[in-house]
1. Go through the stretch 6-59 and give me each residue that's under 18 Å from the mean Cα position of the chain (by Cα) and among the small types (G, A, S).
2. Having 3 or more residues that are open to solvent by 50 Å² or more (accessible area, probe 1.4 Å) and not acidic (D, E) is the bar; report the strands (runs of 3 or more DSSP E) wholly within the stretch 251-352 that clear it.
3. Within the stretch 110-153, how many residues are open to solvent by less than 10 Å² (accessible area, probe 1.4 Å), of a type in the set (G, A, S) and more than 21 Å from L180 (Cβ to Cβ)?
4. Could you count how many residues in the stretch 182-196 are open to solvent by 20 Å² or more (accessible area, probe 1.4 Å) and either in contact with a Leu (Cβ under 6 Å, 6 or more places away or on another chain) or in a strand (DSSP E or B) (or both)?
5. Hand me the list of helices (runs of 4 or more DSSP H) wholly inside the stretch 1-101 holding 3 or more residues that are under 19 Å from T352 (Cα atoms) and open to solvent by less than 10 Å² (accessible area, probe 1.4 Å).
6. State all residues of the stretch 201-213 that are out of contact with any strand residue (DSSP E or B) (no Cβ under 6 Å at 6 or more places or on another chain) and either at pLDDT 95 or above or outside any loop (DSSP other than H, G, I, E, B) (or both); if no residue qualifies, say none.
7. Picking from A385, A371, which residue would you name as being touching a residue at least 40 places away in the same chain (Cβ under 8 Å) and closer than 26 Å to A118 by Cβ?
8. P166 is checked against (1) in contact with a Leu (Cβ under 9 Å, 6 or more places away or on another chain); (2) without any contact (Cβ under 8 Å) to a residue 60 or more places away in the chain; (3) within 30 Å of R304 (Cβ to Cβ) and fails just one. What number does that condition carry?
Amino acid sequence: MWAELLPVGRSAATGGYRRHAWNSADAECRAWFEQQARSRGLAHRTDRNGNQWAWHGDPAAGNAVVTGSHLDSVPDGGAYDGPLGVISAFAAYDELRSRGAEFTRPLAIVNFGDEEGARFGVACVGSRLATGALDREAAYALRDADGVRLPDAMERAGHDPALIGPDPELLGRIGAFVELHVEQGRSLAEGQPVGVAGAIWPHGRWRFDFHGEANHAGTTLLADRRDPMLTYATTVLAARKKARLAGALATFGKVAVAPNGTNAIASLVRGWLDSRAPDERTLRELVDSIGQSAVERGERDGVRVELTRESYTPVVDFDAPLRDRLAKLLDAPVLPTGAGHDAGILASAVPTAMLFVRNPTGVSHSPAEHAERADCHAGVRALVAVLEDLACRPS
């Protein structure tokens with residue numbers, strides 16, 4: 001399975017992946033998922049929001065155990081973030097079947113659509129739509145960098161955008177969701193190969209618009225400039241310092257400039273802040289402080305600053321009984337995480353837990369992302385134990 005999926009959407013130039021929502025690489029991944037489901041005799045379904053499901057047993061019976069993750073990527077992302085969870089789910093199912101396991105609850109493997117938000121700027125679109133965390137009107141307003149609207153992209157890929165919206169009937173059939181994921185950090189580096197997630201830090205994305213005045217780089221005196229790039233650069237440095245002092249995280253990882261000429265002072269710099277913190281108060285105060293610094297610096301530079309919150313996810317505490325049950329079953333450590341996941345979105349609607357597989361370098365969202373084969377196998381064995389405990393024995 002890994003060898004089949006590895007080349008899909010991979011850039012020859014960077015070695016990273018460009019599996020973005022509803023593009024051709026995403027379509028290949030979806031076709032791969034459907035083939036994996038049908039080759040095992042699993043019932044393949046695509047829900048109203050474009051998420052894919054492979055069902056063993058009758059979904060209508062309810063109280064189903066669901067596992068899986070996503071197959072899309074960030075721009076030039078790594079091979080493990082998302083796909084490891086989907087591949088491990090199929091491998092765990094294969095192992096259970098080879099043992100002759102008798103399922104007492106329906107089981108499903110899921111591929112959530114547009115988890116990374118690489119194309120339309122909002123993460124976990126598929127799961128957010130299903131839970132109602134993202135409404136249809138807001139989803140219809142999403143556009144990619146080329147101005148393509150989300151519903152148009154979905155329609156071109158063969159999915160009817162008129163269907164999207166909350167799916168309480170589907171969610172009501174799920175008794176537990178367990179997502180396996182490569183660790184995005186190094187908490188497991190010197191310890192066990194598998195851990196259990198305790199909670200997800202609150203996190204969000206904010207857009208900073210720095211409005212200045214376009215002018216000639218070779219003729220405009222420094223004293224006469226209204227240069228938004230200067231305000232932006234100062235804000236980036238302020239965000240790093242303030243996050244360090246708060247024990248939090250702040251990253252400007254995306255920027256757009258107009259008119260984007262080498263010999264032109266910019267008229268607009270638009271930067272996107274990703275920020276995360278151990279608690280919601282710290283996160284709120286951190287972003288407010290970064291915004292205040294940007295405005296104050298902008299006043300000195302003659303630059304107007306606008307701040308827009310594009311997405312926000314509050315702290316997610318995973319289902320305590322399920323978390324503790326899995327930690328005891330696997331004799332695994334419980335870890336916090338600063339990364340968002342579909343599991344974090346579903347946690348508001350169904351009992352949810354996560355397993356992490358050791359990442360020796362801690363590098364993620366990069367072609368250097370890696371997990372050793374032995375640790376991947378340990379992750380599959382852990383998932384087998386979890387699914388056997390939840391789906392193959394009386395509750």
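1. G9, G16, A21, A25, G50
2. 304-313
3. 2
4. Looking only at that region, the number is 1.
5. Per the criteria, 83-98.
6. Those that are out of contact with any strand residue (DSSP E or B) (no Cβ under 6 Å at 6 or more places or on another chain) and either at pLDDT 95 or above or outside any loop (DSSP other than H, G, I, E, B) (or both): G212, E213.
7. A371
8. If we test P166 against (1) in contact with a Leu (Cβ under 9 Å, 6 or more places away or on another chain); (2) without any contact (Cβ under 8 Å) to a residue 60 or more places away in the chain; (3) within 30 Å of R304 (Cβ to Cβ), just (3) comes out false.
The values are calculated or read from the model by the stated rules, or taken from the named source; none is laboratory data. What you see is a predicted model; the values in this text were computed from it and never measured. Ideal geometry is used to build each Cβ from the backbone, glycine not excepted, and the neighbour counts take in all protein chains shown. With ligands, DNA and RNA removed, areas are computed over all heavy atoms of the protein, side chains included. Shrake-Rupley method; radii C 1.70, N 1.55, O 1.52, S 1.80 Å.
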